[in-house]
Amino acid sequence: MGQDIDKPNPFNVVVVLSGGLDSTTLLAHYAALSSRLLAVTVDYGQRHRREIEAARAVTAYFGARHLVADLSDLGRLLKGSVLTDKQVDVPDGHYAEASMRSTVVPNRNAVLANVAVSIAVAERASVVALGMHAGDHFVYPDCRPAFVSALNTLVGVANEGFPTPRIEAPFIHWSKSDIATHGTRLGAPLGQSWSCYKGGERHCGTCGTCFERREAFREAGLADPTDYIDGVTEFAAP
């Protein structure tokens, strides 16, 4: 008997893969569940384009399919965010500092997730997986449980009558150190992932996301595989 074309394939998972530590662990998480994986990376004109290269390397490690959606023109329209506007300096400091609000890209996760949902519907995938975690809740409104719940409702309404995936965010209540621990246990290639918002040849070690990465490995008691320009500067939590 053939598969019902009106139902999603229960083993197909579309993972939104930025190339960072969280999404690299997310890909490993679903690989461990023997899912058929399709990684989707969105080029939205981000200044830290090294993460796209990292996403390619991570996907190759897992032997998964990889699609890069080109929305690069979007970035030039999103003024004021350090991730898309090169006129704004990337702040250093703790991830929970108010200064990290400048790293918000308006509606970013809604855009990324909905691109992945469209692909998932076309692929008849059962799940679209997002890698946000509890540490993101300080800064990003589209990384909170209410966003995931609302997105699931939207996906159901927008795709009624078609094979509709559900949105999963398995790390939504986890700390960054929990994710580092999980990824290490799964053998994820965390050293190939990219976090730095400054987008140089090496992780700077002092921007908010670099410091959060360093802090995660330290709190988890794990060796950090990352090469930082500055791996010693400390920032107190606000």
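The values are calculated or read from the model by the stated rules, or taken from the named source; none is laboratory data. None of these values were measured; they are calculated from a predicted model. All Cβ positions, even for glycine, are placed from backbone atoms using ideal geometry, and neighbour counts span all protein chains on display. What goes into the accessible areas is simple: the full protein's heavy atoms, side chains included, and nothing from ligands, DNA or RNA. Shrake-Rupley method; radii C 1.70, N 1.55, O 1.52, S 1.80 Å.
R0 = 35 Å: FRET efficiency of Ser175 with Ala150, Cβ-based, nearest 0.05?
After rounding to 0.05, the efficiency reads 0.90.
Pull up all non-local amide H partners of Val127: gap of 5 or more, or a different chain, and H-to-H distance under 5 Å with H placed in the peptide plane.
Amide H neighbours of Val127: Val14, Arg166.
Shape call for the stretch 187-238 from the C-alpha gyration tensor, a ≥ b ≥ c root eigenvalues: rounded (a/c under 1.5), prolate (a/b greater than b/c) or oblate?
The shape class here is oblate.
Near Val127, within a Cβ-to-Cβ distance under 14 Å, what is the net charge of the other residues, with Lys and Arg +1 and Asp and Glu -1?
+2
Computed FRET efficiency, Cβ-Cβ of Asp73 and Val157, R0 22 Å: what is it to the nearest 0.05?
For R0 = 22 Å, the calculated efficiency reads 0.20.
Which of the three applies to the stretch 18-62, rounded, prolate or oblate, going by the alpha-carbon gyration tensor with a ≥ b ≥ c and a/c under 1.5 meaning rounded?
Here the stretch 18-62 falls in the prolate category.
Of the peptides 171-180, 102-111, how do they stack up when ordered by the mean number of other Cβ atoms within 10 Å, highest first?
Per-residue mean Cβ counts within 10 Å order the peptides as 171-180, 102-111.
Extension gain Asp85-Phe11, at 0.36 nm per residue separation less the Cα-Cα distance, in nm?
Extra length available between Asp85 and Phe11 comes to 22.8 nm.
How large is the dipole of the stretch 105-189 about the Cα centre if only Lys and Arg carry +1 and Asp and Glu carry -1, each at its Cβ, rounded to the nearest 20 debye?
120 debye
If you place +1 on the Cβ of every Lys and Arg and -1 on the Cβ of every Asp and Glu, how big does the dipole about the Cα centre of the stretch 1-135 come out, in debye to the nearest 20?
Dipole of the stretch 1-135, to the nearest 20 debye: 120 debye.
Where only protein heavy atoms count, and the probe is 1.4 Å, what is the accessible area per residue for the chain in Å²?
I get 46 Å² per residue for the chain.
Calculate what fraction, in whole %, of the accessible area of the stretch 95-238 sits on carbon and sulfur atoms when a 1.4 Å probe is rolled over the protein chains.
54 percent
With N set to the number of residues, divide the alpha-carbon radius of gyration of the chain by 2.2 N^0.38 Å and report two decimals.
With N residues counted in the chain, Rg over 2.2 N^0.38 Å equals 0.99.
Would you tally the net charge around Pro141, using a Cβ to Cβ cut-off of less than 15 Å, leaving Pro141 out, and scoring K and R as +1, D and E as -1?
The answer is +1.
Identify which of Ala188, Ala116, Ala98 has the largest mean-square fluctuation in a Gaussian network model of the chain, with springs joining Cα atoms closer than 10 Å.
It is Ala98.
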